[in-house]
Structures are given as C-alpha cells and as structure tokens.
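Report on one structure; see the data block that follows.
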Amino acid sequence: MTIFENRLTTLKSKLQENDIDTAIITDEDNVYYLCGYYDYLHMEFGRPTLLIISIDHGTLLITPTIDLNTAEETACVDRISAWNDGMGDEWREELPKVLKKSRRIAIEPDQMPPVVRRYIDIEVSYDKISSATPILSTMRMIKSDEELKIARDAGKVATAMMAAGREAISNGVAEYEVALATSNAGTKKAAEILESNYEDKFMSPNTHFLQIMASGDAITKTHHRASTRIMQSGEPVFLCFCGMTNFHKFKLGFDRTFWIDRIADKSQIQIYEVAIASQKAALDVLKPGVTAESVHAAYATVIQDAGFDYPFRCGRATGFSFLENPQLVTGDKTILKPGMVFAVDGSVSGETFRAQVGDSVIMTDTGWEPLTAHPKAIDEIIIS
C-alpha cells in the first residue's frame, strides 16, 4: 500500500466514525496529501479541481482536461473525470451523481471555491453538510516517517539558502541580489537531494514565493519583499524563508537578522537580545505533554517583561501547508506530541527597529530536533 492509499484508507475510517459517507476535498495541499496530485491549474484560472472520497464508491478526481495527463501520472485515485472549458456542465457533470448517492457530505468550508460552494448549497440541504477540516487537520498533525524524512531534507535546503543569503549581503549590494542568491542555492540543494534520494521525477526543485527581506529603515516591515534598495554598512538586514523553503511540497519557517560590517545604532542590540531570549524561552518549554499556548506564554513573558508590547504568535505547525495546527498562540490548548513539526520564532518590534529569529523543529519523545541551523549570537551575525 502506498503512502497515499494509506492516507485515503485512514480518512475513510475517520469519515465512517463521524457518520459521513462522502468527502469533497478542494484545498490543494489536502488534495496532494491524500492522492499525490499536484502541479495543476487552480481557481485563479477559474478551473476547480475536486477530489471526492466515497465510502462506498471509491475515489474520484474531477479536474480540467488541460491537466489530465498530469493527473493520470500522479493521482492515486480509482477514477478521473476530466472536464473542458465551456463543454457541457464542465465540473458539474459528475458532481450531481455523487451528491445524490451521498447521505451526509463533508466539505472544506474555508478552502472551497465560492462557485463550488454555491452549487453545493443549492443541491444539498444544509443538514447534510459537515466539515472535513477537523478530521484532516488532526490526521496531519503527527507526521509519518516519510514526512519527517522530507522535513529533514527541507531543513537542509533552508540551511543552504540562509548561508547563501548571508554570503550575498554586503555594503552596496541590492536586496534583490540576495534573493537571487538564496533562490539559486535552495534550488541547487533541492535538486541535489531529489536526484539522489527521491524517485519522483516530476517534483520541481525550485524554491517558491517571493523572498521576504528587509533592510535599513524598512526593517520594521515584517513581510517586505526584496527590492532594488541598496544596502549600506551599519544597517540591519532581515531574511525570512517561511514561504520559500518548500521542498517536495513540505514547508518550513526559518528567519535571521544580520548587520552589515557593524551595528550603527547600538540601541538595536538590546531589542535583538530580547528576541533571542524569547525564542530560547519558547524552545526551553517545547516538549511533549505541554500545551501549545504554554510555549507562546513563555515567549511572550520575556518580551513583555522587557517592556515591549504583547507579541504576535510564537509559532505554528507546518507540513504540506504553510499553516497547520496546532498554533503556538494564546487559546490553543492542544497537547504537543512527538512527530509534530513547528516553526518557532523570537520577535520584538520597536518603533524604528524589528528583530526576529526563527527555526523549525521536529517534536521528539523528550524534546525537539532542530531542522534549521545558522548562528544567532550577536557577534556571529555581523557580516564583514
């Protein structure tokens, strides 16, 4: 049994436990997680893809004809129904048959294209609809051995990217040059790992997403993208790979703050040291058996005790999605368990400066295993 067949079997069992006979999956990460189908056009092009899992009638993939050859080679399903633009009822051709056979249907309310949701709301009475999200979210919390292998390789890609970014940062260099360096290094490392350790010849090694990066006066802009700005000696530089480290579709978080040559504004040192201390406090608490919110509380206490405002969440679970459950935030009382993967941050914002460090880890039986690595000590992140 393949990993996808195993996941589908598990989902069917969970559906039965919840008295659901059909699930309609539309989130692209869940479609990949369950059947291995990826690299298809999404709703941005007006073309919905639906993965339908039925307890009694097998698995059906409804996808545009333009991607049929990809589906036939990658999707672990019983049947594929391809539809073409403007032909017949398009993706609606097969759906009524499924809906009529189903007594109770689970959908992804927050991840379903509005056009599909409107159609289902018309065709299916409200009392027959439930959510598949809690089931899938719980399934994906604890990573399998195969997923943890991918996570470790994603960490190698992220570490190579950070090293290349650091090497490219210099006085007189444009931000986008750093972004090119990180992307190039990440893609090469991913290609090397894919070629030597994986059989999927279609999986792209290219890094994804625009580089999150800020320098100088823009350092307080948390999600600033690499620009044509020329970096100068004495300035801080922030690198974030939360959207770029996407190896074999597994996502990680990884952040560092640097300075070029020297720290021109010495007041930035104290803010940075609080950021480091806040992440350390979170990592010191992080272990199986504690609640997600307790990790955040340890991090937030350090920041507030230093006189700074209450911070945003300390971290989040990652996997085949950028944001998974649980989240390291106030109110999330999930008990942490081995096999979970987290991005754990330390971050402090002032009026003119913001410092952040972040790493990804695997929860183990006794604590955590680091996935990402790069120096954080103040004397090790001044680039000269």
> Do we have A317 as within 15 Å of the chain's Cα centre (by Cα), at pLDDT 95 or above and not assigned by TED's automatic domain parsing to the domain that holds D39 here?
Replying inline: yes
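In segment 1-55, which residues are part of a loop (DSSP other than H, G, I, E, B), touching a helix residue (DSSP H, G or I) at 6+ places or on another chain (Cβ under 9 Å) and among the hydroxyl-bearing types (S, T, Y)?
Step one: of segment 1-55, the residues part of a loop (DSSP other than H, G, I, E, B) are 1-2, 18-21, 26-27, 36-42, 46-49, 55.
Checking the rest, the ones that are also touching a helix residue (DSSP H, G or I) at 6+ places or on another chain (Cβ under 9 Å) come to 1, 18, 20-21, 26-27, 36-42, 46-49, 55.
Within segment 1-55, T26, Y37, Y38, Y40, T49 meet the criteria.
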> What number of residues within segment 67-115 satisfy the criterion of being in contact (Cβ under 8 Å) with a residue 24 or more places away in the chain and either aromatic (F, W, Y) or exposed (fewer than 12 other Cβ atoms within 10 Å of the Cβ) (or both)?
Replying inline: 4
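Identify all residues within segment 299-316 that are buried (at least 18 other Cβ atoms within 10 Å of the Cβ) and assigned to a helix (DSSP H, G or I); write none if there are none. Show your work before the answer.
So in segment 299-316, the residues buried (at least 18 other Cβ atoms within 10 Å of the Cβ) come out as 299-300, 302-303, 308, 311, 313-316.
The answer is Y299, A300, V302, I303.
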>> Considering only residues that are over 16 Å from the mean Cα position of the chain (by Cα) and aliphatic (A, V, I, L, M), which ones fall in segment 148-164?
In response: A160, M161, M162, A163, A164
> Quick one: how many residues across segment 328-356 are within 18 Å of the chain's Cα centre (by Cα), surrounded by fewer than 21 Cβ atoms within 10 Å (Cβ to Cβ) and closer than 17 Å to V285 by Cβ?
Replying inline: 1
> Can you spot a residue in segment 162-173 that is polar (S, T, N, Q), in the same structural domain as L336 (by TED's automatic domain parsing) and part of a loop (DSSP other than H, G, I, E, B)?
Replying inline: yes
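For segment 191-199, state whether one or more residues are in a loop (DSSP other than H, G, I, E, B), more than 24 Å from K376 (Cβ to Cβ), in contact (Cβ under 8 Å) with a residue 24 or more places away in the chain and out of contact with any Leu (no Cβ under 9 Å at 6 or more places or on another chain). Quick ask: steps written out before the conclusion?
Within segment 191-199, the subset in a loop (DSSP other than H, G, I, E, B) is 198-199.
Keeping just the survivors that are more than 24 Å from K376 (Cβ to Cβ) gives 198-199.
Retained after the next criterion (residues that are in contact (Cβ under 8 Å) with a residue 24 or more places away in the chain): 198.
From what's left, out of contact with any Leu (no Cβ under 9 Å at 6 or more places or on another chain): 198.
Among the residues of segment 191-199, at least one is in a loop (DSSP other than H, G, I, E, B), more than 24 Å from K376 (Cβ to Cβ), in contact (Cβ under 8 Å) with a residue 24 or more places away in the chain and out of contact with any Leu (no Cβ under 9 Å at 6 or more places or on another chain), which makes the answer yes.
Are any residues in segment 233-255 of a type outside the set (F, W, Y) and in a strand (DSSP E or B), and if so, which ones?
If we filter segment 233-255 for residues that are of a type outside the set (F, W, Y), which is where we start, we get 233-237, 239-240, 242-246, 248-249, 251-253, 255.
P236, V237, L239, C240, N246, K251, D255 - these are the residues of segment 233-255 that are of a type outside the set (F, W, Y) and in a strand (DSSP E or B).
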>> Suppose we keep only residues that are part of a loop (DSSP other than H, G, I, E, B) and of a type in the set (A, V, I, L, M) within segment 256-298. Which one would you say is nearest to E369 (Cα to Cα)?
In response: L286
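When the residues of segment 359-375 are filtered to those that are more than 19 Å from G339 (Cα to Cα) and touching a residue at least 60 places away in the same chain (Cβ under 8 Å), which remaining residue is surrounded by the fewest Cβ atoms within 10 Å (Cβ to Cβ)?
This residue is A373.
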> Taking the stated definitions as given, is S196 in the same structural domain as Q356 (by TED's automatic domain parsing), at pLDDT 95 or above and polar (S, T, N, Q)?
Replying inline: yes
> Scanning segment 171-228 for residues that are over 24 Å from R313 (Cβ atoms) and among the β-branched types (V, I, T), which turns out surrounded by the most Cβ atoms within 10 Å (Cβ to Cβ)?
Replying inline: T182
> Looking at (1) part of a helix (DSSP H, G or I); (2) in contact (Cβ under 8 Å) with a residue 40 or more places away in the chain, which is the only condition I122 fails?
Replying inline: (2)
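The values are calculated or read from the model by the stated rules, or taken from the named source; none is laboratory data. Model, not experiment: these values are computed from the prediction. Using ideal geometry, Cβ is built from the backbone for each residue, glycine included, and neighbour counts are taken over all protein chains shown.
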